[in-house]
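Okay, so here's the structure we're looking at.
The values are calculated or read from the model by the stated rules, or taken from the named source; none is laboratory data. None of the values given here were measured: they were computed from a predicted structure. Note that each Cβ is placed from the backbone with ideal geometry, even for glycine, and that neighbours are counted across all protein chains shown. Each accessible area value is taken on the protein alone, full model and side chains, heavy atoms only, with ligands, DNA and RNA left out. Shrake-Rupley method; radii C 1.70, N 1.55, O 1.52, S 1.80 Å.
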Number of protein chains: 2
Amino acid sequence: MTQQPKWLTPEEQDAWRGVIRMYEKLVGRLSRHLQQDVNLSPADFAVLVDLGEAPDGRKRHVDLSKCLEWEKSRMSHQISRMAKRGLVTRQECPEDGRGAFVVITEEGMATIRAAAPRHVEVVRELFVDVLAPEELRQFARIADRVIEHVESSPSP
Amino acid sequence: MTQQPKWLTPEEQDAWRGVIRMYEKLVGRLSRHLQQDVNLSPADFAVLVDLGEAPDGRKRHVDLSKCLEWEKSRMSHQISRMAKRGLVTRQECPEDGRGAFVVITEEGMATIRAAAPRHVEVVRELFVDVLAPEELRQFARIADRVIEHVESSPSP
């Protein structure tokens, strides 16, 4: 560090803390439900939802890592654990040299389906129904802009 | 499940995804910096910051778990790992029967201080400077309301 950083003002700090604390609170609660209902960690659930929405329920390992902003090694461990439980499988793709796919299994899909009704109920109770429609729109706009910005910024 | 859940509308879905994706993107990036600069995981950093801001740099184990919405067992493992690295210590408190304290060490404080300048720079680049002051205020208001609501809702 060659110069003093520009510290956050109290207002900037409030907003930044909001990002972190709101997520921690919401996901903390949701993960207790997920664990109780279908024995999934938040990481398991994130991977299953991401694959479940992809064409043919599959994504390249590298794209899955990028999408969730995880290091490749973290994703590898995660996928190995999930494969052991039968939630996903690996599909090698030697011909195109662009790396293996991860594919959601029938059991993985069934697990998301089992979790979904209660999950959506809790998301409503804790977040959606707390805000007015206009606030939800504001929020989504802000989030989209930030997400796009991060994606277009160079990663260390 | 006795009845069909009230699924999210596309607008509600956008907002909810915003919560998750924005956090994942921002914290994913930040954690690469933290790992590279001071060898801390996001969980290590969250605990250190929480303790660093508490009176006397200490908090009861149970309050720390509640604040971060972690299960007690997850917090115990986390604290054991951090204690081995000398970032925190445990302080037993047998007289009052309300459980042990976790205390940040000098080394823990030094680690936060070392991480802070670059951390704040990245928070600015990726979040604060992307939004107008009015948006930061809107965002903080929304987050505060959600956080309060979750805290006042019964946990499973």
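Screening the stretch A:142-156 for residues that are facing chain B (nearest Cβ under 7 Å) and among the small types (Gly, Ala, Ser) and picking the one that is nearest to B:ALA15 (Cα to Cα) gives A:ALA143. In the set (1) away from chain B (no Cβ under 14 Å); (2) open to solvent by less than 40 Å² (accessible area, probe 1.4 Å); (3) of a type in the set (Gly, Ala, Ser), the condition left unmet by A:GLY18 is number (1). Against the condition modelled with pLDDT of 85 or more, crowded, with 18+ Cβ neighbours inside 10 Å and of a type in the set (Asp, Glu), how does A:ASP44 come out, does it pass? Taking the combined requirement at face value, the residue satisfies it. Restricting attention to the stretch B:55-114, the residues that are free of Cβ contacts under 8 Å to residues at least 12 places away in the same chain, in a helix (DSSP H, G or I), acidic (Asp, Glu) and farther than 25 Å from A:VAL27 by Cα add up to 1.
Screening A:GLU53 on (1) closer than 20 Å to B:LEU34 by Cα; (2) open to solvent by 30 Å² or more (accessible area, probe 1.4 Å) shows it passes everything except condition (1).
Based on what the data block shows, is B:GLU69 within 14 Å of another protein chain (Cβ to nearest Cβ) and modelled with pLDDT of 90 or more? Before the answer, list the steps.
Details: within 14 Å of another protein chain (Cβ to nearest Cβ): yes; modelled with pLDDT of 90 or more: no.
Considered against the rule, which asks whether it is within 14 Å of another protein chain (Cβ to nearest Cβ) and modelled with pLDDT of 90 or more, B:GLU69 comes out as no.
Reported count of residues in the stretch B:115-132, each being facing another protein chain (nearest Cβ under 7 Å) and either over 20 Å from A:SER155 (Cβ atoms) or not in a helix (DSSP H, G or I) (or both), is 2. Being under 24 Å from A:ALA15 (Cα atoms), at the interface with chain A (Cβ under 9 Å from one of its Cβ atoms) and open to solvent by 30 Å² or more (accessible area, probe 1.4 Å) is a description that applies to B:GLU11. Within the stretch B:146-156, being at pLDDT 95 or above and farther than 12 Å from A:ARG21 by Cβ holds for one residue alone: B:HIS149.
Scanning the stretch A:77-128 for residues that are hydroxyl-bearing (Ser, Thr, Tyr), surrounded by 14 or more Cβ atoms within 10 Å (Cβ to Cβ) and under 28 Å from B:GLU69 (Cβ atoms) gives a single hit, A:THR111. Is it fair to say A:VAL27 is assigned to a helix (DSSP H, G or I), of a type in the set (A, V, I, L, M), at the interface with chain B (Cβ under 9 Å from one of its Cβ atoms) and within 19 Å of B:VAL19 (Cα to Cα)? For A:VAL27, the condition - assigned to a helix (DSSP H, G or I), of a type in the set (A, V, I, L, M), at the interface with chain B (Cβ under 9 Å from one of its Cβ atoms) and within 19 Å of B:VAL19 (Cα to Cα) - is met.
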